[in-house]
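Structure first, then comments.
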Amino acid sequence: MSDPMKPFHMQESEDATSRRSSSSSRKDGQFIDIGSIQTEPKISKGLFSKARVEPDGRIVVSLDLKQQLPDLPPDYAPEVQEFGIDKSTWMEYPSMSIVIMIVGSRGDVQPYIALSQRLQKDGHRIRIASHETFRSFVNDAGLEFFDIGGNPQELMSYMVKNPGLMPGFESLTNGDIGRKRKMLSTMMEGCWKSCHSPDPQTGRPFVADAIISNPPAFAHIHCAEAMGIPITSYPTTSFPHPLVNIQNSNAQSGLTNYLSYALADILTWQGIGDLVNKFRARSLGLRPLSLKSGAGVLDNLKVPWTYCMSSGLVPKPKDWKSHIDVVGFYFLDLATNYTPPDDLAAFLDAGEPPVYIGFGSVVVDDSAAMTNTIFEATRQAGVRALVSAGWGGLGGVSVPPHIFILGNIPHDWLFSQGRVSAVVHHGGAGTTAIGLSNGLPTVVVPFFGDQGFWGSMIHKANAGPEPIPHKTLGIENLRDGIRFAISSEAKEAARRLARVIESEDGVNRGVESFYRHLPLNNMRCDVDPGRIAVWWSTEHCLKLSAFAAQNLINAKLLRLESLDLHRPKEYETYKPPSDPVTGGASAIFWTVTHYYGGIAEIF
């Protein structure tokens, strides 16, 4: 039986298999070969490279180039020539059916609901494709929902155990990997069905004209390629990938940062590439991708990205060109009709504004110990606190007078009008956004993913202390973090960020970014530009909407059998980049390996 974690592209000899056997019993901190998961470092004539898995799940990489390469120049990234975009009349768009794929927690879904409502006002049909848990949340917002499968609570639990790119020892031995891979396959199939399946409840037909997606959906680019429709942490030299920690490198800093994104893409593809290729072949009828073409496919194709984050917190790097926009946070107003329960209102009125503490959808292993840490740290810091139970199940012990245990409550109400003085949370993008938009200093306790990155950006802006990883969270460092957050210095820094965020109008700018990057010149019907073209007439060299084609057929000016389906956007996923810089981080990485000769065998 084949190893379920074995990358699709690796055919190993018996000797190689025996060398890999130690990977099943490796422990955190042990050195591993990045690609073949060996326990000893690998040396070639050009590069000495080693990596280890940190307790927080990040990959720690050491790069020792035997010959020095120059750093990437400041202007290394060329401008991107996007296909079919309309630079002058991009606000003249036809009505579209748009599927928005979201894998993650409520905090991931919520910003896209705000974006969806704005797009719906522009006359588009919006379908949010996510987990069944969020059906009522989406429907209550007046939007169409499609279930892609997957359990977000299980995903959060897995990510807490395996916060980085590599699974830990427990997940390698207890079946977590197999369950997660099965869930990922289910969700990719669900994403594909969401592009073309009728509404399961009403039977109303649906065919997507465009895709919007968050990165963990994974199926997005492959569905877009199969249908020939547009799709809207990208590599940069300004900062390394959030999940790759470069311990030491004798490469220049810009090149080191840029290559960290290639390493992250390669490691991710090592784990899921076989699943993606099975999905491409069985469901989409597409050719499989190789390690080189699959790992950096979004970067190589220069797929447009719209980052819904504030430039005040994360300024747009200079090497993010015109196809990448940083537009500001997306906010969904949930507090219009909210009235707090009497006991919460009484607690808020009984003293100074409390500190909010909550970890959202994160599943905490030892909720009682976490709760006691919070209770004692807040007591020593001399603050009152609102503690959110969330999925982590905080609470369940005797509650002291300075603590109030919260249920589900809209953050945009709680964090506004000075009701709380500071926030302590896991570093989810949504909670980060709403807290900073209200000028609240923030203490981040990261559990996995990019949460530590948000904490570092907040600390860099002086609006909070250095992030406190949840595995090192204790009474003393939480107490000191809260004391920093309630200081006048942190409060002023948070207020500065709030002013920038308020000026950005993120949702409207996000919608404009979506329109600007669409290949509208190849999407509009040539007869009626207010409609989407779905047919192509070679005889008349025309792009036609269904309405226009039907009228021309009825008038006997056109034959249905002479028409071909129109594909407004094609993706050359198999074509190698013409040069490494244009191709992006992965192309530069493979060029470096070729330059040295023999390095590619490491990965």
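Counting only residues 5 or more places away or on other chains, whose amide H sits under 5 Å from the amide H of VAL443 once H atoms are built in the peptide plane?
VAL423, VAL424, HIS425
At 7 Å along Cα-to-Cβ for each site, give me the label-to-label distance between SER322 and GLU154 in nm.
Once both label points are built, they end up 4.5 nm from each other.
Quick query: amide H of VAL80 versus all other amide H atoms, modeled in the peptide plane; which residues come in under 5 Å with a sequence gap of 5 or more or a different chain?
Counting only residues 5 or more places away or on other chains, the set is SER322, HIS323.
Obtain the nm distance between the two label points defined at GLN417 and GLU132 by a simple spin-label model: each point lies 7 Å from its Cα along the Cα-to-C-beta direction.
3.9
How do 117-130, 99-112, 530-543 rank on mean C-beta neighbours within 10 Å, highest first?
In descending order of packing, they fall as 99-112, 117-130, 530-543.
What's the extension gain from ASP333 to LYS471 if we count 0.36 nm per residue and subtract their Cα-Cα distance? Before the final figure, lay out the partial values.
Working: separation 138, 0.36 × 138 = 49.68 nm, distance 3.35 nm.
Here the answer is 46.3 nm.
Which entries in the list LYS121/LYS318; LYS302/LYS575; LYS180/LYS278; LYS180/LYS316; LYS87/LYS321; LYS121/LYS321 go over 24 Å, if you measure between the two C-alpha atoms of each?
Working: LYS121/LYS318 33 Å; LYS302/LYS575 13 Å; LYS180/LYS278 16 Å; LYS180/LYS316 34 Å; LYS87/LYS321 16 Å; LYS121/LYS321 29 Å.
Going by Cα-Cα distance, LYS121/LYS318; LYS180/LYS316; LYS121/LYS321 fall outside the 24 Å limit.
Apply the Karplus curve 6.51 cos²θ - 1.76 cosθ + 1.60, θ = phi - 60°, to the phi angles in region 189-196 and return the couplings in whole Hz, x for Gly and Pro.
For region 189-196, the Karplus-derived couplings read 4, x, 4, 5, 4, 5, 7, 9 Hz, x marking Gly and Pro.
If amide H atoms are built 1.01 Å from N in the plane of the peptide, which residues on other chains or at least 5 residues away come under 5 Å of the amide H of PHE146?
It is ILE128, ALA129, SER130, by chain and number.
First measure r as the distance between the Cβ atoms of ALA555 and ILE405, then evaluate 1/(1 + (r/R0)^6) with R0 = 51 Å and state the FRET efficiency to the nearest 0.05.
Numbers: r = 69 Å, r/R0 = 1.36.
Result of the calculation: an efficiency of 0.15.
Excluding ALA533 itself, calculate the net charge of residues whose Cβ lies under 13 Å from the Cβ of ALA533, where each Lys or Arg counts +1 and each Asp or Glu counts -1.
Here the charged neighbours net out to +1.
Counting only other residues whose beta carbon sits under 12 Å from that of ASN508, what net charge do I get with K and R as +1, D and E as -1? Intermediate values should be presented prior to the final figure.
Values: positive: ARG118, LYS121, ARG509; negative: ASP122, GLU504, ASP505, GLU512.
Net local charge, ASN508 excluded: -1.
From the phi of every residue in region 366-372, what ³J(HN,Hα) in whole Hz does the Karplus formula 6.51 cos²θ - 1.76 cosθ + 1.60 yield, where θ is phi - 60° and glycine or proline is x?
10, 5, 5, 5, 4, 5, 5
Placing +1 at every Lys and Arg Cβ and -1 at every Asp and Glu Cβ, with all other atoms neutral, what dipole size does region 342-507 have around its Cα centre, in debye to the nearest 20?
280
So if we plug the beta-carbon distance of ARG495 and ARG282 into 1/(1 + (r/R0)^6) with R0 = 56 Å, what FRET efficiency do we get, rounded to 0.05?
Once rounded, the FRET efficiency stands at 0.55.
For a bin width of 10 Å, list the pair-distance distribution of region 381-527 built from all Cα-Cα distances, rounded to whole %.
10, 35, 31, 11, 7, 4, 1, 0
With +1 on each Lys and Arg Cβ and -1 on each Asp and Glu Cβ, how big is the dipole of region 524-565 about its Cα centre, in debye rounded to the nearest 20?
Computed charge dipole of region 524-565: roughly 100 debye.
Please turn the phi angles of region 277-287 into ³J(HN,Hα) values with the Karplus equation 6.51 cos²θ - 1.76 cosθ + 1.60 (θ = phi - 60°), one per residue in order, whole Hz, x for glycine and proline.
Listing the rounded values in order: 5, 5, 4, 4, 6, 7, 9, 9, x, 9, 5 Hz.
With N set to the number of residues, divide the alpha-carbon radius of gyration of region 524-565 by 2.2 N^0.38 Å and report two decimals.
0.98
Between LEU565 and SER290, what length in nm is gained on full extension when 0.36 nm per residue of separation is reduced by their alpha carbon distance?
The LEU565-SER290 span can extend by a further 96.1 nm.
When only Cα pairs under 8 Å and 6 or more residues apart are kept, what is the percent relative contact order across region 524-565?
Relative contact order of region 524-565: 36 percent.
Bear in mind that the values in this text are calculations on the coordinates, not laboratory data. Just so it is clear, the structure is predicted and the values come from calculations on it, not from any experiment. FYI the Cβ positions are ideal-geometry reconstructions off the backbone, even for glycines, and counts take in every protein chain you see.
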